[in-house]
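Here's the structure, in structure tokens; my notes come after.
The values are calculated or read from the model by the stated rules, or taken from the named source; none is laboratory data. These figures come from a predicted structure and were not determined experimentally. Note that each Cβ is placed from the backbone with ideal geometry, even for glycine, and that neighbours are counted across all protein chains shown.
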Amino acid sequence: MSAAGAGCDIVGRVTQQQYPVLWPVQTRWADNDHYGHVNNVVYYSYFDSAVNGWLMEATGTDIRTLPAIGVVAQTSCRFLASLSFPDRIRVGLRVTRLGRSSITYDLAIFREDGASLELAATGDFVHVYVNADTRKPVEIPAAIREAATTLAGPVKSDSAE
């Protein structure tokens, strides 16, 4: 944690070992705001980029070409420590709920600090799969479901959703 101890109450509960994937992300100069740190809205783009980048790698397909697409139905972020360019970060990914048409990801952003990782934010992200043309909910594509099961921690599965 930082010298000021930001987020110390969470350190014992959230560690990088809890995440099957630590997706690398490089902060960009444009991510910084007037105050010299990564603006809060950018944390959401890190979540989105990590989830979708990992899905494309894990499935071996361009997920944009599937007949069903994942739209973000809900997202949250708890800010714990400041980031700024040129920080290198890792976004921890795990699945906590796998429904018929939705996946809930538990996420954490860690700043690389030499050989260790400093927790900077936690959040969640819900993808609801919809038909690419009608935007009506559909079942999660098989390739996506198969990949998501590899990120499963304690998962609630709801086939009735």
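Quick notes on this one:
- Residues of region 28-59 that are in contact (Cβ under 8 Å) with a residue 60 or more places away in the chain and surrounded by fewer than 13 Cβ atoms within 10 Å (Cβ to Cβ): none at all.
- Within region 107-120, being part of a strand (DSSP E or B) and either free of Cβ contacts under 8 Å to residues at least 60 places away in the same chain or in contact with a Leu (Cβ under 7 Å, 6 or more places away or on another chain) (or both) holds for LEU107, ALA108, PHE110, ARG111, GLU112, ASP113, SER116, LEU119, ALA120.
- Within region 121-148, the set of residues being part of a helix (DSSP H, G or I) and surrounded by fewer than 18 Cβ atoms within 10 Å (Cβ to Cβ) comprises ALA142, ALA143, ARG145, GLU146.
- Entry remark, region 81-121: residues being closer than 16 Å to ASN40 by Cα and within 10 Å of the chain's Cα centre (by Cα) number 4 in total.
- Consider region 43-73 and keep the residues that are of a type in the set (S, T, N, Q) and assigned to a helix (DSSP H, G or I). The one that is modelled with the lowest pLDDT is THR65.
- Matching residues in region 22-41 - criterion: being among the hydrophobic types (A, V, I, L, M, F, W, C) and within 20 Å of the chain's Cα centre (by Cα): LEU22, TRP23, VAL25, VAL38, VAL41
- For ASN40, the conditions (1) in contact with a strand residue (DSSP E or B) (Cβ under 8 Å, 6 or more places away or on another chain); (2) modelled with pLDDT under 95; (3) over 24 Å from THR96 (Cβ atoms) all hold with the exception of (3).
- Residues satisfying the stated conditions in region 78-89, i.e. surrounded by fewer than 20 Cβ atoms within 10 Å (Cβ to Cβ), of a type outside the set (Phe, Trp, Tyr) and in a strand (DSSP E or B): ARG78, ARG88
- Candidate set: region 9-21, residues that are at pLDDT below 80 and exposed (fewer than 13 other Cβ atoms within 10 Å of the Cβ); chosen: the one nearest to the chain's Cα centre (by Cα): ARG13
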